[in-house]
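The values are calculated or read from the model by the stated rules, or taken from the named source; none is laboratory data. These numbers come from a predicted model, not from an experiment. We place every Cβ from the backbone using ideal geometry, glycine too, and count neighbours over all the protein chains shown. Side chains are part of the model used for accessible areas, which takes the heavy atoms of the whole protein and leaves out ligands, DNA and RNA. Shrake-Rupley method; radii C 1.70, N 1.55, O 1.52, S 1.80 Å.
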Amino acid sequence: MKYPKLFEPIEVGDLVFRNRILASATGHLDIAGDNSLSEGALLYYERKAIGGAASVVVGECSVDPINGSRGGRTVALNDFASLGYLGRLSDYINRHGSIASAELQHAGRYGSAGLGPSEGMVDNRPVRAMSEEEVEAALTAYVNAAFFAKMAGFKMVTVHGGHGWLPQQFFSPATNSRTDKWGGSVENRARFAVELVDRIHNRCGSGFPVEMRISATELEDGYGVEEGIEYAKALDGHADIIHVSVGVHGSLSSDRWLRFSPTMFMPDGVNVKYASEIKKHVKISKVATVGSLSDPQMMEDIIASGQADFVALARELLADPDMPNKARSGNENSIRQCIRCMSCWSNLMAGGIYCAINPETSRERESKFALRPAKKSKVLIAGGGIAGMHAAITAAESGHEVILCEKTGRLGGGIRVESEVPFKVHVEDYIKLQERSLKALSIDLRMNTVVDADLVKAEEPDVLIAAIGATPIIPPIEGIESAISAQEAYASPELVGENAVIIGGGLVGAELAIYLDMLGRKVALIEMGPAISASGNRTQGSAISMEMRNRDIKLEFHSTATRIADGGVYYTGPDGEAFAKADTAIYATGQKANTKEAFDLACYAKLFYAIGDCSGTETIFAAVKNAYTIARSIGRYS
């Protein structure tokens, strides 16, 4: 691989980014009066995911459209009527193996309500200083918007805290002259940004990444890079990614906004030096750089030299959304590099975002449904579970040469341990159907075959798809060595005694509790949370809960198992320490994706994808969706 560091996967929170290229936020003006994005706008964002970006940020998402909108139409993250199209948008991005992120914006003093950290004037109209209650309301709006985005399927959020938006207004001494806890010292001025990141994590979970864009310097009439470094240091360990830009939105006569969107008269990567300087002082958070980046070799050098952990691209992915896949596959000579002619900006101000050298941009709807014929590729798939089988079938139906390797003697993956469960009979029927479909196609099926580096190098595939599953997490509980996993209990229910205690109330543990009850065992289930965790499938969660109410299953919520001994499980619940009798303790505390094993193979093929449980998906729905989408795109774009 020519750019190994640029395409090295990286973990952030609970997510794995498949490479170091972020599709930075760009707005889209095709927004209806009800603040819903058009189908064309959704396809505009999807196209970047198809092209191989690790994440795609949806721009112009307002956390408070009434008070915090700068004007014009924005994506409303406080309107439940928006959930339908936002859920479809996040799916369009996520299903390609990219990570959907929503950009959270609040214009503050530039907004319709004219509220800012301190009083002043903007465009000849007065700005009123926010009261303590209004500051709290703004923070709450960010948190609610982030949770709303998570409900809609977004896997992370990007807080726009640079370019003069509200968090920067609080940090900048030019716009913040407060004397309370929100103003004065660097610590106080950074407090708003730090608070909103922490509160989003508290609401959405510590593993839900929060990216914070900042301006390292305001360049004039504000703070310089020295204070920008202090801003980043205050955010270190709070924000998962610190996205370093520069400047402030302003009039066209000011060059401050042209610095965060550099012109052709500025050198490539002109703003990398600011991210590089901040990277020296940040110890925990990842750092992203942005601004006039088009050359993959420059991006490789930035990552390899430690100047940043990510490169964020905006205009380059308008010029060529396939740039990541082209660079990865050794096809860099075909990359259309942005010429920085500013046509996209000019067209955006006139009502649309178009690129001078890529006529497809903002016209994705025209090409989406005129599906290009697939260039025949050699596809090697590691893993014959739900995801691997569906990827093999889809790729073969698209005309590709397909090799499917399964390390065991049986297709279907880990879910086959549930083949005797009565209420999973149709899942087993589905897997058998997939087996028949595989045999009916010209697929080179290799059982009892592990895909390793030697095999990949010998086969020289154009595309490698890893679908190698996940491994049960063994919780750090005293005496856990005497327990068995949920998978073992499903496969060999005769190992389970008369009294069973299941630790973990996700789908696996809850459905196992029902199965064991059907087999006549007395079952207790201990779960840390307030209810059954259904991996986002709320309807199935309701069905499980209803079934449990009809059975003699003891449920202990808000409870944590502490020790397995003396014929049972000790746990701490709402009323203190308690004990549950158990002949058999079973842990169903989730699975760790085999991410490292999957990505260890990534450098041996031109194009690489991780699907199924090894990519962090947890459901049949997600596995099939991603497998189909990725396999169907092979040979049609880059």
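Quick one: K181 ticks every box in (1) open to solvent by 30 Å² or more (accessible area, probe 1.4 Å); (2) assigned to a loop (DSSP other than H, G, I, E, B); (3) touching a residue at least 40 places away in the same chain (Cβ under 8 Å) except a single one, so which number is it?
(3)
Kindly indicate the residue of the stretch 414-426 that is touching a strand residue (DSSP E or B) at 6+ places or on another chain (Cβ under 9 Å) and in a helix (DSSP H, G or I) and also most open to solvent (accessible area, probe 1.4 Å) among those meeting that condition. Even if it seems obvious, please write down each step before you answer.
Applying the first criterion (touching a strand residue (DSSP E or B) at 6+ places or on another chain (Cβ under 9 Å)) to the stretch 414-426 yields 414-416, 419.
Remaining after also requiring in a helix (DSSP H, G or I): 414-416.
Details: G414: 59, I415: 43, R416: 20 Å².
Selected residue: G414.
Among the residues of the stretch 169-188, which ones are farther than 17 Å from A138 by Cα and either within 33 Å of the chain's Cα centre (by Cα) or among the acidic types (D, E) (or both)? Explain how you work it out, then say what you get.
Residues of the stretch 169-188 that are farther than 17 Å from A138 by Cα, as a first pass: 172-174, 177, 179, 184-187.
Answer for the stretch 169-188, where residues must be farther than 17 Å from A138 by Cα and either within 33 Å of the chain's Cα centre (by Cα) or among the acidic types (D, E) (or both): S172, V186, E187.
Could you give every pair whose Cβ atoms fall below 6 Å, whose first residue belongs to the stretch 555-570 and is over 16 Å from T584 (Cβ atoms) and of a type outside the set (A, V, I, L, M), and whose second residue is in a loop (DSSP other than H, G, I, E, B) and open to solvent by 60 Å² or more (accessible area, probe 1.4 Å), counting only separations of at least 6 or pairs across chains?
That search, which allows pairs on different chains as well, returns F557/P530; H558/P574; T560/M528.
For the stretch 1-49, give me each residue that is in contact with a helix residue (DSSP H, G or I) (Cβ under 7 Å, 6 or more places away or on another chain) and small (G, A, S).
Once the filter is applied, which keeps residues that are in contact with a helix residue (DSSP H, G or I) (Cβ under 7 Å, 6 or more places away or on another chain) and small (G, A, S), the stretch 1-49 yields A23, S36, G40, A49.
Taking the stretch 333-364 as the search range and keeping residues that are open to solvent by 40 Å² or more (accessible area, probe 1.4 Å) and charged (D, E, K, R), which one is modelled with the lowest pLDDT?
Selected residue: R363.
If only one of V63, V56 is out of contact with any His (no Cβ under 8 Å at 6 or more places or on another chain), open to solvent by less than 10 Å² (accessible area, probe 1.4 Å), within 21 Å of S245 (Cβ to Cβ) and of a type in the set (A, V, I, L, M, F, W, C), which one is it?
Working: V63 fails: out of contact with any His (no Cβ under 8 Å at 6 or more places or on another chain).
Among V63, V56, only V56 is out of contact with any His (no Cβ under 8 Å at 6 or more places or on another chain), open to solvent by less than 10 Å² (accessible area, probe 1.4 Å), within 21 Å of S245 (Cβ to Cβ) and of a type in the set (A, V, I, L, M, F, W, C).
Determine the pairs where a residue that is among the hydrophobic types (A, V, I, L, M, F, W, C) and open to solvent by less than 10 Å² (accessible area, probe 1.4 Å), located within the stretch 609-635, has a partner that is modelled with pLDDT under 90 and part of a loop (DSSP other than H, G, I, E, B) with Cβ atoms under 6 Å apart, the partner being 6 or more residues away or on another chain.
Listed by first residue and then by second, the contacts come to A623/T617.
Open to solvent by less than 10 Å² (accessible area, probe 1.4 Å) and either closer than 30 Å to I620 by Cα or charged (D, E, K, R) (or both), is that true of I381? Reasoning before the result, please.
On the way: open to solvent by less than 10 Å² (accessible area, probe 1.4 Å): yes; either closer than 30 Å to I620 by Cα or charged (D, E, K, R) (or both): yes.
Taking the combined requirement at face value, the residue satisfies it.
Filter the stretch 558-588 for residues that are open to solvent by less than 50 Å² (accessible area, probe 1.4 Å) and not in a strand (DSSP E or B); which is farthest from Y490 (Cα to Cα)? Give the steps one after another, and end with the answer.
Step one: of the stretch 558-588, the residues open to solvent by less than 50 Å² (accessible area, probe 1.4 Å) are 559, 561, 564-565, 567-571, 573, 576, 578, 580, 582, 584-588.
Next cut, not in a strand (DSSP E or B) only: 559, 567, 582, 588.
Working: S559: 24, G567: 21, A582: 17, A588: 11 Å.
Applying the filter and picking the extreme gives S559.
Which members of the stretch 347-401 meet the condition of being farther than 30 Å from I415 by Cα, without any contact (Cβ under 8 Å) to a residue 60 or more places away in the chain and among the hydrophobic types (A, V, I, L, M, F, W, C)?
M349, A350, C355, A356, I357, F369, A370 - these are the residues of the stretch 347-401 that are farther than 30 Å from I415 by Cα, without any contact (Cβ under 8 Å) to a residue 60 or more places away in the chain and among the hydrophobic types (A, V, I, L, M, F, W, C).
Restricting the search to the stretch 33-62, which residues are over 17 Å from R363 (Cα atoms) and either assigned to a loop (DSSP other than H, G, I, E, B) or among the hydroxyl-bearing types (S, T, Y) (or both)?
Of everything in the stretch 33-62, those that are over 17 Å from R363 (Cα atoms) and either assigned to a loop (DSSP other than H, G, I, E, B) or among the hydroxyl-bearing types (S, T, Y) (or both) turn out to be G33, D34, N35, S36, G52, A53, A54, S55, S62.
Run S90 past the list (1) over 20 Å from P167 (Cβ atoms); (2) in a helix (DSSP H, G or I); (3) at pLDDT below 95 and report the number of the one that doesn't hold.
(3)
Quick one: would you say M323 is within 26 Å of the chain's Cα centre (by Cα) and not acidic (D, E)?
On the way: within 26 Å of the chain's Cα centre (by Cα): yes; not acidic (D, E): yes.
Yes, satisfied.
Please list, ordered by residue number, the strands (runs of 3 or more DSSP E) wholly in the stretch 430-510 having 3 or more residues that are within 30 Å of L607 (Cα to Cα), touching a strand residue (DSSP E or B) at 6+ places or on another chain (Cβ under 9 Å) and open to solvent by less than 10 Å² (accessible area, probe 1.4 Å). Write out each step before concluding.
Values: elements: 443-447, 463-466, 470-472, 499-503.
Fully inside the stretch 430-510 and qualifying: 463-466.
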